[in-house]
1. Select from the range 19-40 the residues that are more than 17 Å from residue 73 (Cα to Cα) and among the β-branched types (Val, Ile, Thr) and write down the one among them that is farthest from the chain's Cα centre (by Cα).
2. Could you list, ordered by first residue, the pairs with Cβ atoms under 9 Å in which the first is in the range 72-94 and within 22 Å of residue 104 (Cβ to Cβ) and the second is at pLDDT 85 or above and open to solvent by 80 Å² or more (accessible area, probe 1.4 Å), at least 6 apart or interchain?
3. Find all pairs meeting these conditions: Cβ atoms under 9 angstrom apart; at least six residues apart or on different chains; first residue within the range 98-113 and farther than 23 Å from residue 78 by Cα; second residue open to solvent by less than 60 Å² (accessible area, probe 1.4 Å) and modelled with pLDDT under 65.
4. Starting from the range 32-50, take each residue that is within 15 Å of residue 71 (Cβ to Cβ) and of a type in the set (Lys, Arg) and list its partners that are open to solvent by less than 90 Å² (accessible area, probe 1.4 Å) and outside any strand (DSSP E or B), counting only C-beta distances under 6 angstrom and pairs at least six apart or across chains.
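The values are calculated or read from the model by the stated rules, or taken from the named source; none is laboratory data. Just so we're clear, the structure is a prediction, and the values are computed from it rather than from any experiment. Using ideal geometry, Cβ is built from the backbone for each residue, glycine included, and neighbour counts are taken over all protein chains shown. Heads up: the accessible areas ignore ligands, DNA and RNA and are worked out on the full protein's heavy atoms, side chains in. Shrake-Rupley method; radii C 1.70, N 1.55, O 1.52, S 1.80 Å.
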Amino acid sequence: MAIQNFSPLQLNGTLSVGVNDAGHDVVFYGNTANKRVLWDTSVDHLKLYDNTKLVFGTGVAEADFDGSIYWDQTDLVIDSESDLQLLSDVNVTGHITASGDISASGNIIGTDITVADDLFIKDSIYTVGADDPSIKLSSNFKVELGDVDGAGNETILTVDNANFKISTSHQ
C-alpha cells in the first residue's frame, strides 16, 4: 500500500510496520542528500548513514544539542556538552589518543604505557610485573617521590636528555 500525501499527515494511534517476525524496512530521509536512517529488517538493525547524527537533548538547533553520535566517514564521533560516562568496563584494542587531560580515580593498569609529554601521578603506586619490572618514560621527566624514608624528606629523580639526577629535599 502506498500513501502519497503532500500535506502533513497526522496519525492518532500506534503505527506498526509489519507484524512480529515479519517486519518491513522503513527509511526516514533528511533534507540533505544521503542523510537518512534505515530500519533494515534483513539484519535487524537501525542504520544511520554517514554524517547522520543521533542527537540527545531538548534543543532544536545543533548548538543546543546536549550530545550527538555520528560516523564522519573516518571516525565515530561522540560529542557531549558534559562528561562522557561509561558505566562498565571499556576494553580498547589499539591506541588511545587524548588532546586534553586523562584522569582516573582508580588504578591504571597496563603492560605498555607510553607518556610523550607530562605525566602527573598523585598518591599512586605503580606496580610493575615480574616479566618486565620497568617503567619507561621519555627522555625528559621528573619523578617526585614523597616521604619515602619516613623522615619527611622528598626524593626527586630528574632526567633531562642524557643527565640523570637524584636529589633529596629536607623538610
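1. 19
2. 80/56; 80/66; 82/66; 84/78
3. 111/129
4. Cβ pairs passing all conditions: 35/52; 36/49.
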